[in-house]
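Reading through the structure tokens given below for one structure.
The values are calculated or read from the model by the stated rules, or taken from the named source; none is laboratory data. Model, not experiment: these values are computed from the prediction. In this analysis, Cβ positions are derived from the backbone assuming ideal geometry, glycine residues included, and neighbour counts consider all displayed protein chains. Quick note on the areas: whole protein, heavy atoms, side chains included, nothing else; ligands and nucleic acids left out. Shrake-Rupley method; radii C 1.70, N 1.55, O 1.52, S 1.80 Å.
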Amino acid sequence: MQFATKVIHAGIEPDPSTGSVMTPIYQTSTYAQTTPGEHQGYEYGRTQNPTRTALEKNLTALENGVDAICFGSGLAAQDAVMKLFESGDEVLAVNDLYGGSYRQMVRVYGQWGLKSRFIDMYTPSNVEREISPATKLIWIETPTNPMLNIVDIRAVCDIARRHGILTVVDNTFASPYLQNPLDLGADIVLHSATKYLGGHSDSVHGCLIVRDAELGQRLHFIQNATGAVPGPMDCFLILRGIKTLHLRVQRACENAAVIAQYLHTHPKVAKVYWPGFEHHTGHELAKRQMRMFGAMVSFDLVDNTLEAATKVLSSTHLFTLAESLGGVESLIGHPASMTHASIPREARLAVGLTDSLIRLSLGVEDVYDLRDDLEAALNMV
Ligand SMILES: Cc1ncc(COP(=O)(O)O)c(C=O)c1O
């Protein structure tokens, strides 16, 4: 099946009990058994749920994997991956990543002795240099959040495999429509399905997709043993969102291209970060490993102050000032005080995340309305 067919059909069958074409929301915590141990594959709602199973099959197909595990949030999915390791092990993570991922690694797992180091992964040989005997996991996020740098998934995964190290790619920013990390050698793909997969900013959800069945079983075990499961209603909403993933992401990427070009020539804008520019250091790589350049755009102002950024951030009408991304509606955000507030200022500045950096998540509205909204806000500076 091609991608546009998979989003609608993969893993989805009319419900066997009624013929319901849309996957029902199985709002149940338990399942009847005829005699002890005799059941239809479902025993207890933490362990399995048919709405969740349909979503897991669909996600497996979208990322070309062999199994998927759905969680109550993207960070719960990350938490299950971290639980594969033990005290004394080390995670090498890209140095520009979602602030909540950083916070979990440093402040939760750090205190249990699972150490994380944040490194420049844009030159794969640097990753090889940083590997130590304790390194057990390499954590890639690409495009990175919020600087939109690109990591060479294939090159880093090749290095990891040679050293017997597991790799995870947080594919939230790209979505499976743009990038399939398992095809490039990654062991695990993570999504905050709260974003593009759900696509309508109406549920919080996360998932892992794997290329190895045994690893999938270990993650199912961790989930069942620790309990970070999503509810059936949220699984339904994500399944429903996925049916238009290709249409939404296609349009959002087209909108991002127009807005990035517009900002690039704007006299009040200093620098625009978007991998679609030929001068972007990751442009050629993005062309190879992604189908389009994504729908996230970040930019600095010429007046590089928090005050100027605050004026822009509070003056838009169509772009809503809010955390999150990947919905049909456009959002504007201030990483330093919002999504990345948990990263120390020096660590932020070291990767170019200035106090005045503004991040846009392009939605699917009319792009010229979006441009006019930004124009009016920039005129306030
Ligand atoms: C790239 C990325 N990964 C992971 C997460 C965490 O996902 P969730 O908010 O669903 O826990 C986020 C949330 O913003 C994110 O942007």
Could you grab me the full set of residues in region 329-357 that are crowded, with 17+ Cβ neighbours inside 10 Å and touching a Ser or Thr at 6+ places or on another chain (Cβ under 7 Å)?
-> Ser330, Leu331, Ile332, Gly333, Ser356, Leu357
Selection count, region 180-207, where residues are touching a Ser or Thr at 6+ places or on another chain (Cβ under 9 Å), hydrophobic (A, V, I, L, M, F, W, C), more than 13 Å from the ligand (Cβ to nearest atom) and open to solvent by 10 Å² or more (accessible area, probe 1.4 Å) = 0
If you go through region 8-26 one residue at a time, do you hit one that is of a type in the set (Gly, Ala, Ser), without any contact (Cβ under 8 Å) to a residue 60 or more places away in the chain, in contact with a Lys or Arg (Cβ under 8 Å, 6 or more places away or on another chain) and open to solvent by less than 20 Å² (accessible area, probe 1.4 Å)?
-> yes
Residue check, Leu215 open to solvent by less than 70 Å² (accessible area, probe 1.4 Å) and either under 30 Å from Asp79 (Cβ atoms) or assigned to a helix (DSSP H, G or I) (or both) = yes
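In this structure, does Ala160 turn out to be crowded, with 19+ Cβ neighbours inside 10 Å, hydrophobic (A, V, I, L, M, F, W, C), away from the ligand (no atom under 16 Å from the Cβ) and not in a strand (DSSP E or B)?
On the way: crowded, with 19+ Cβ neighbours inside 10 Å: yes; hydrophobic (A, V, I, L, M, F, W, C): yes; away from the ligand (no atom under 16 Å from the Cβ): yes; not in a strand (DSSP E or B): yes.
In short, yes.
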Return yes when Ala376 is hydrophobic (A, V, I, L, M, F, W, C), over 21 Å from Lys271 (Cβ atoms), part of a helix (DSSP H, G or I) and open to solvent by 40 Å² or more (accessible area, probe 1.4 Å) and no when it is not.
-> yes
By residue number, the members of region 306-324 that are open to solvent by less than 10 Å² (accessible area, probe 1.4 Å) and assigned to a loop (DSSP other than H, G, I, E, B) are Phe319
If you take the residues in region 166-179 that are in contact with a strand residue (DSSP E or B) (Cβ under 9 Å, 6 or more places away or on another chain) and open to solvent by 10 Å² or more (accessible area, probe 1.4 Å), which one is farthest from the ligand (Cβ to nearest atom)?
-> Leu166
